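Beneath this line is the structure, given in structure tokens, with notes to follow.
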Amino acid sequence: MTVRIGGGQGFYGDGHLPVAALLADGIDYLVCEALAELTLAILQKDRQRDESLGYTRDLPLYVAAAIGDILGGRTKLITNAGGINPIGAGRAVVGALAAHGVTGVKVATIVGDDIRPHAEPLGLAADTLFANAYLGARPIVEALERGADIVIGGRIADASLFLAPLIHEFGWSPDDWDRLAAGVAGGHLLECSGQVTGGNYSGDWWNGLDPASIGFPIGEFEPDGSFVVTKPAGSSGRVTFDTVREQLLYEVQDPTAYLNPDVTVDLASAHLDDLGNDRVRVSGVRGAAAPATYKGLECTPGGWSNELRATYGWPDAEAKARAAVAYLRGRAAAIGMDVKEWHEEYFGVDAFGGPTVPAAPAGWEPPEVIARLAWRCDTAEEAGRLGREAGLLGLSGPPMIAGAGRARDGKPSQLLSLRALAVDRALVDAQVRVEITEV
């Protein structure tokens, strides 16, 4: 018996068109992994504007893409797109299906990852906006055992979304650590959609990669935990030893102890066999007992940010850019702005990765430099004050300026602060429940 799982989404905003090829190739489960810590913060801002939101708004696109196969009994959909409002997400999906005359579909909603009811024992702040525990596979397994066709959860750990159908199909026990570890390893490889099929590949990325026709990954899992990573025939990209091993180590701190709510995985034990023709077999994954606690995430207000940018051309592009930033910071001091934190970047010489040319030839100058100055204040009003001081740079500052402007039209952006914490499993498990609605 082989279970085929397709990785249909790697983040909120991912392309949904490759899902059609996954379904056409034949998959038993379509798993859409939508969340990151940044995503939860984005969803919080949505919920602040409209309390009925808080889930990923591209969820209907994936449901619409899969509904024909779901109705035909060919696949089931599992997702954590419920974000910080899985109840709202479930209602939205049920409502949309009913509005389009779809019947005979069971939609499961998993709730209980919200840990704000336990604020005191967990030491949560009084102004906490959301706080969630990373759930494991068990509630999804329950939903599948109760006949769910679509399973919508909130903050469920990425790889656990893929592990759940394997537990359901193969009957793996809760302490079968090696098989559970293999399932998590497979989920980890599939969870980032095109990243394991050639996207972001650090080798010869220009060969055979067309984002418009990229093939999203398929995992072919066996009862013993071994599996093959592949992609739909005819799609662009590649599945090779190199693309798989790159994804295997993605976002991993300790490869010998990759923590998941269901098991601790020794990713270093994995054996990869490149079978050719976009097929890589993974076997030998070993596991150990799950961590004693769940990971939790707390979000609190973090103040307000704003920024200004200006581009300067050769000659002396860097000196001009730095002079512009010095002027702006000087004006902030002159008007008495209460800035809690400054951040400077000079794209072209010193930005994301540090010095762009650490050993530049004598006399070399960049053709242009973009200065970015960002700052954080306690209030939106305070964060917005400096934008009114930038106008003088246009005609009275250093020469060769271009693109001087205020990012986001000068409107401050609310910052959210995220804090990870350990959460007692008993507190969470007691409140997790699965609600099923039949359309």
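Got a number for residues in the stretch 7-41 being closer than 21 Å to P165 by Cα and either charged (D, E, K, R) or not assigned by TED's automatic domain parsing to the domain that holds L190 (or both)?
Number of matching residues: 3.
Test G83 against the criterion of being part of a helix (DSSP H, G or I), buried (at least 18 other Cβ atoms within 10 Å of the Cβ) and in contact (Cβ under 8 Å) with a residue 24 or more places away in the chain, and give yes or no.
no
Evaluate the following for D127: is it farther than 26 Å from A108 by Cα, in contact (Cβ under 8 Å) with a residue 40 or more places away in the chain and among the acidic types (D, E)? Lay out the reasoning, then the answer.
Values: farther than 26 Å from A108 by Cα: yes; in contact (Cβ under 8 Å) with a residue 40 or more places away in the chain: yes; among the acidic types (D, E): yes.
Taking the combined requirement at face value, the residue satisfies it.
For the subset of the stretch 167-204 comprising residues that are within 18 Å of G276 (Cα to Cα) and of a type in the set (S, T, Y), which member is surrounded by the most Cβ atoms within 10 Å (Cβ to Cβ)?
T197
Looking at (1) hydrophobic (A, V, I, L, M, F, W, C); (2) assigned to a helix (DSSP H, G or I); (3) in contact with a His (Cβ under 7 Å, 6 or more places away or on another chain), find the lone condition where A374 falls short.
(2)
Listed residues G225, G203, G194, G219; which is closer than 16 Å to A159 by Cα, assigned by TED's automatic domain parsing to the domain that holds R281 and touching an Asp or Glu at 6+ places or on another chain (Cβ under 7 Å)?
Answer to the selection: G225.
Restricting attention to the stretch 334-373, which residues are under 38 Å from the mean Cα position of the chain (by Cα) and exposed (fewer than 11 other Cβ atoms within 10 Å of the Cβ)?
F352, G353, G354, P358, A359, P367 - these are the residues of the stretch 334-373 that are under 38 Å from the mean Cα position of the chain (by Cα) and exposed (fewer than 11 other Cβ atoms within 10 Å of the Cβ).
E345 is checked against (1) among the charged types (D, E, K, R); (2) assigned to a strand (DSSP E or B); (3) in contact (Cβ under 8 Å) with a residue 40 or more places away in the chain and fails just one. What number does that condition carry?
(3)
Restricting attention to the stretch 52-61, does a residue exist that is surrounded by fewer than 19 Cβ atoms within 10 Å (Cβ to Cβ), assigned to a helix (DSSP H, G or I), touching a residue at least 40 places away in the same chain (Cβ under 8 Å) and in the same structural domain as I115 (by TED's automatic domain parsing)?
The answer is yes, given that some residue of the stretch 52-61 is surrounded by fewer than 19 Cβ atoms within 10 Å (Cβ to Cβ), assigned to a helix (DSSP H, G or I), touching a residue at least 40 places away in the same chain (Cβ under 8 Å) and in the same structural domain as I115 (by TED's automatic domain parsing).
With the requirement that a residue be more than 20 Å from the chain's Cα centre (by Cα) and either closer than 22 Å to R138 by Cα or basic (K, R) (or both), what does the stretch 46-69 give you?
Correct list: R49 only.
When you look at A66, is it assigned by TED's automatic domain parsing to the domain that holds L427, part of a helix (DSSP H, G or I) and surrounded by 24 or more Cβ atoms within 10 Å (Cβ to Cβ), yes or no?
Answer is yes for this residue.
Could you pull out the residue among D242, D254 that is among the charged types (D, E, K, R), more than 24 Å from I27 (Cα to Cα) and not in a helix (DSSP H, G or I)?
Result: D254 is the single residue among D242, D254 that is among the charged types (D, E, K, R), more than 24 Å from I27 (Cα to Cα) and not in a helix (DSSP H, G or I).
Can you pull out the strands (runs of 3 or more DSSP E) entirely within the stretch 269-342 that have at least 2 residues that are within 30 Å of D429 (Cα to Cα)? Lay out the reasoning, then the answer.
On the way: elements: 271-274, 280-283, 286-288, 293-313.
Counting at least 2 such residues, we get 286-288, 293-313.
If the Cβ limit is 8 Å and pairs must be 6+ apart or interchain, which residue in the stretch 32-50 that is farther than 25 Å from L77 by Cα pairs with which residue that is polar (S, T, N, Q)?
K45/Q414
With the condition kept exactly as written, say whether any residue in the stretch 387-406 is outside the structural domain of V325 (by TED's automatic domain parsing), hydrophobic (A, V, I, L, M, F, W, C), in contact (Cβ under 8 Å) with a residue 24 or more places away in the chain and in a helix (DSSP H, G or I).
The answer is no, given that none of the residues of the stretch 387-406 is outside the structural domain of V325 (by TED's automatic domain parsing), hydrophobic (A, V, I, L, M, F, W, C), in contact (Cβ under 8 Å) with a residue 24 or more places away in the chain and in a helix (DSSP H, G or I).
Of L129, L209, which residue is surrounded by 19 or more Cβ atoms within 10 Å (Cβ to Cβ) and assigned by TED's automatic domain parsing to the domain that holds A65? Give the derivation first.
On the way: L209 fails: surrounded by 19 or more Cβ atoms within 10 Å (Cβ to Cβ).
Of the residues listed, the single one that is surrounded by 19 or more Cβ atoms within 10 Å (Cβ to Cβ) and assigned by TED's automatic domain parsing to the domain that holds A65 is L129.
So which of D262, D242, D254 ends up being more than 22 Å from the chain's Cα centre (by Cα) and charged (D, E, K, R)?
It is D242.
Which residue is surrounded by the fewest Cβ atoms within 10 Å (Cβ to Cβ), if the candidates are limited to the stretch 212-226 and must be assigned to a loop (DSSP other than H, G, I, E, B) and acidic (D, E)?
It comes out as D224.
From T256, T197, T243, which residue is out of contact with any Gly (no Cβ under 8 Å at 6 or more places or on another chain) and not small (G, A, S)?
Of T256, T197, T243, the one residue that is out of contact with any Gly (no Cβ under 8 Å at 6 or more places or on another chain) and not small (G, A, S) is T256.
What are the residues in the stretch 11-43 that are of a type in the set (A, V, I, L, M) and touching a helix residue (DSSP H, G or I) at 6+ places or on another chain (Cβ under 6 Å), if any?
Within the stretch 11-43, V19, L23, L30, V31 meet the criteria.
The values are calculated or read from the model by the stated rules, or taken from the named source; none is laboratory data. Not measured: the values here are computed from a predicted model. Glycine gets a Cβ as well: all are built from the backbone with ideal geometry, and neighbour counts include every protein chain shown.
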